[in-house]
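Below is one structure, written out as C-alpha cells; the observations come after it.
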Amino acid sequence: MTFAALTEIRAGLTALSEQGLLRQRRMLQGAQAVRVQVDGRELLSFCSNDYLGLANHPALAAAVMQALPDMGVGAGASHLITGHHAAHHAFEARFAEFVGLPEALLFSTGYMANLAVVTALIGRDGEVFGDKLNHASLNDAALLSRAKFSRYAHNDLAALARLMTASTARHKMVLVDAVFSMDGDVADLPALLALCEAHDAWLLVDDAHGFGVLGTGGRGSLAHFGLHSPRIIYMATLGKAAGVAGAVVAAEYDVIIWLLQKARTYIYTTATPPILSAALLASLELIVSADDRRAHLQRLIAQLRSGLQAQGWELLESATPIQPVIIGSNAATLAISAALLEQGILVPAIRPPTVPVGSARLRITLSAAHTDADVAQLLHAMGNA
Ligand SMILES: *Cc1c(COP(=O)(O)O)cnc(C)c1O
C-alpha cells in the first residue's frame, strides 16, 4: 500500500531544498552569548534577540538558584487550577507598575499571548486590521478569531484609515509590531492610536523588540512615545531583551480579568515554572538600571550602520538593534551568510516566507554584550564577503 501523503511531503522537502528554502537548526553548546559554541566551533554571533546581554547574566542565574529549593521546577498545573504561584503574581504586579498600566497577565510565550488577546476580544462580528509586515503570531491570532482580517501595506496608515472607515464591524482591533521584527523600524504608534480613537477600536501593541530597549528605563515603545489609553493592550515578550522566557499582557484592569475568563491559551495550559518569574523579577531590576547598556547599544548601531553604508550595502531605516542588509535573491543571501560563517561569524540569511519574495536579507542583530571590536570584526568580514 503506497502512502501518498508521505510521498508528497518528501517531494515538498526536495523542492524546498532546491529553492534554498530548507530550514535547518544549528546546535548550540553552552549559554546564549555573543560568542557561541556551534557544532564544536566558536563563532561570533549577530543573531540573538538578547539585546541587553541578560540571557546568561549571573544575577538571573542566582535568582533561579535561590528560588529553586523553595519553588521546585515545574508549576504542576494551570494558573486557574493550582499553578498560580506567588512568584508569578509578584512579577505581574511589578511589571504593571514598571510600564505604568493598571494590570498585567503572564503568558508562557508571546505567540500564545497574541492569540489570547485577539481571540478573547474579537469574534465573528469583528474586524481585525494588521500591517503586512506584522509577526506571524499576530496574523495567526487574527485568523483564529474568525473575524474579518484586513491587511494594509507596511506603514500605510492612509490605507488603514480607508479600511477602518469602510468597516461596518461591531468591534475593531488594530494589530501592530511596535518594532518590526525583520525590518527594525518603529511603528507610528501615536498615529495608530489616533485612528483607533476615531474609529472606536482596540490597539494591540506587540513590543517584542522594544521592551527593554526603547523608552526611559527600557519601559518600551509606549513610554518611548508617552502614550496612555484604555484602548491600548500592551504585549511584551520576555525571552528577548528580558533574557528569560514568556510574555506579559498589560492593560485596563477589566481587560485582564476578561482575558482570565476567556483566553484559551491562558486557561488550557500549564503555568510557567515559578523560578522563571523569580528570574524575571531580577531581570526587571537589571533592565531599569541598564541605561549604560542601552547607550552602548546605540553606539554599536551607529558604528555598524556607518561602516556598512561606507561599503555600499543596502540598509533599511532602522534605529533599533535589528539591522537588516537587503540582498534580494535567496541564493546570494545564503552565499554571503556562508562566506561570513567561513570567517567565524554567524549572521542568519532570512528568506521568504518570513520576508517578501525578492527581499531576502542578512538580519544582523546587535546586543549590548557586543564590543566595538566585535562590530569592527563583522565590518571587516562583510568587506571580504
Ligand atoms: C518573538 C516574537 C513574538 C513571539 O514571542 P515568543 O515569546 O517568542 O513566542 C511575537 N511577536 C513578535 C513581534 C516577535 O518578534
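The values are calculated or read from the model by the stated rules, or taken from the named source; none is laboratory data. Remember, it's a predicted structure, so these values are computed and weren't measured experimentally. Cβ placement follows ideal geometry from the backbone for every residue including glycine, while neighbour counts extend to all protein chains displayed. The protein model used for the area step is the full one, side chains on, heavy atoms only, and it has no ligands, DNA or RNA in it. Shrake-Rupley method; radii C 1.70, N 1.55, O 1.52, S 1.80 Å.
Taking the stretch 355-372 as the range and being in contact with a Lys or Arg (Cβ under 8 Å, 6 or more places away or on another chain), within 15 Å of Ala33 (Cα to Cα) and open to solvent by less than 10 Å² (accessible area, probe 1.4 Å) as the test, no residue passes.
Out of (1) closer than 21 Å to Asp185 by Cβ; (2) open to solvent by 30 Å² or more (accessible area, probe 1.4 Å); (3) not in a strand (DSSP E or B), the odd one out for Ala332 is which? All conditions pass for Ala332, except number (1). Condition first: among the β-branched types (Val, Ile, Thr) and either part of a helix (DSSP H, G or I) or outside the structural domain of Tyr111 (by TED's automatic domain parsing) (or both). Now tell me which residues in the stretch 147-170 satisfy that. Residue satisfying the conditions is Thr165 alone.
Which residues, taken from the stretch 335-375, are in a helix (DSSP H, G or I) and touching a residue at least 24 places away in the same chain (Cβ under 8 Å)? Can you show your working first?
Initially, the stretch 335-375 is screened for residues in a helix (DSSP H, G or I), giving 335-342, 372-375.
Of everything in the stretch 335-375, those that are in a helix (DSSP H, G or I) and touching a residue at least 24 places away in the same chain (Cβ under 8 Å) turn out to be Ile336, Ser337, Ala339, Leu340, Leu341, Asp372, Asp374, Val375.
If the condition is being closer than 14 Å to Leu192 by Cβ, away from the ligand (no atom under 16 Å from the Cβ) and in contact (Cβ under 8 Å) with a residue 12 or more places away in the chain, then the stretch 146-165 contributes Tyr152, Leu157, Leu160, Ala161, Leu163, Met164.
Taken residue by residue, the stretch 55-73 has at least one member that is within 16 Å of the ligand (Cβ to nearest atom) and either open to solvent by less than 30 Å² (accessible area, probe 1.4 Å) or under 24 Å from Ala241 (Cα atoms) (or both). Selection of the stretch 1-25 for residues being assigned to a loop (DSSP other than H, G, I, E, B) and within 29 Å of Ala349 (Cβ to Cβ) yields Gln19, Gly20, Leu21, Leu22, Arg23, Gln24, Arg25.
Val325 falls short on exactly one of the conditions (1) in contact with a helix residue (DSSP H, G or I) (Cβ under 9 Å, 6 or more places away or on another chain); (2) crowded, with 16+ Cβ neighbours inside 10 Å; (3) part of a helix (DSSP H, G or I); (4) not assigned by TED's automatic domain parsing to the domain that holds Arg94, and that condition is (3). Suppose the filter is aliphatic (A, V, I, L, M) and either surrounded by 12 or more Cβ atoms within 10 Å (Cβ to Cβ) or closer than 30 Å to Thr269 by Cα (or both); does Leu21 pass it? Criteria met by Leu21.
Just so you know, in the stretch 186-231 the residues that are in contact (Cβ under 8 Å) with a residue 40 or more places away in the chain, farther than 23 Å from Asn49 by Cα and not aromatic (Phe, Trp, Tyr) include one that is most open to solvent (accessible area, probe 1.4 Å), and it is His228.
To keep it simple, each residue is scored yes or no on (1) under 18 Å from the mean Cα position of the chain (by Cα); (2) buried (at least 24 other Cβ atoms within 10 Å of the Cβ).
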{"position": "Ile233", "(1), (2)": "yes, yes"}
{"position": "Thr237", "(1), (2)": "yes, yes"}
{"position": "Ala245", "(1), (2)": "yes, no"}
{"position": "Leu281", "(1), (2)": "no, no"}
{"position": "Leu284", "(1), (2)": "yes, no"}
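Checking Gly72, Gly12 one by one, the residue that is out of contact with any Phe, Trp or Tyr (no Cβ under 7 Å at 6 or more places or on another chain) and either assigned by TED's automatic domain parsing to the domain that holds Met182 or modelled with pLDDT under 95 (or both) is Gly72 and no other. Residues that are over 17 Å from Leu54 (Cα atoms), open to solvent by less than 50 Å² (accessible area, probe 1.4 Å) and free of Cβ contacts under 8 Å to residues at least 40 places away in the same chain within the stretch 286-314 comprise just one, Arg305. Restricted to helices (runs of 4 or more DSSP H) entirely inside the stretch 213-281, those with at least 3 residues that are away from the ligand (no atom under 15 Å from the Cβ) are 221-225, 253-262. Note on the stretch 171-185: among residues that are assigned to a strand (DSSP E or B) and among the charged types (D, E, K, R), the one that is surrounded by the most Cβ atoms within 10 Å (Cβ to Cβ) is Asp177. In the stretch 134-145, the count of residues that are more than 16 Å from the ligand (Cβ to nearest atom) and hydrophobic (A, V, I, L, M, F, W, C) is zero. Filtering Arg94, Arg124 for residues that are basic (Lys, Arg), touching a residue at least 24 places away in the same chain (Cβ under 8 Å) and more than 14 Å from the ligand (Cβ to nearest atom) leaves a single hit, Arg94. Remark: Leu346 matches the filter, which requires a residue to be closer than 30 Å to Ile287 by Cα and of a type in the set (A, V, I, L, M, F, W, C).
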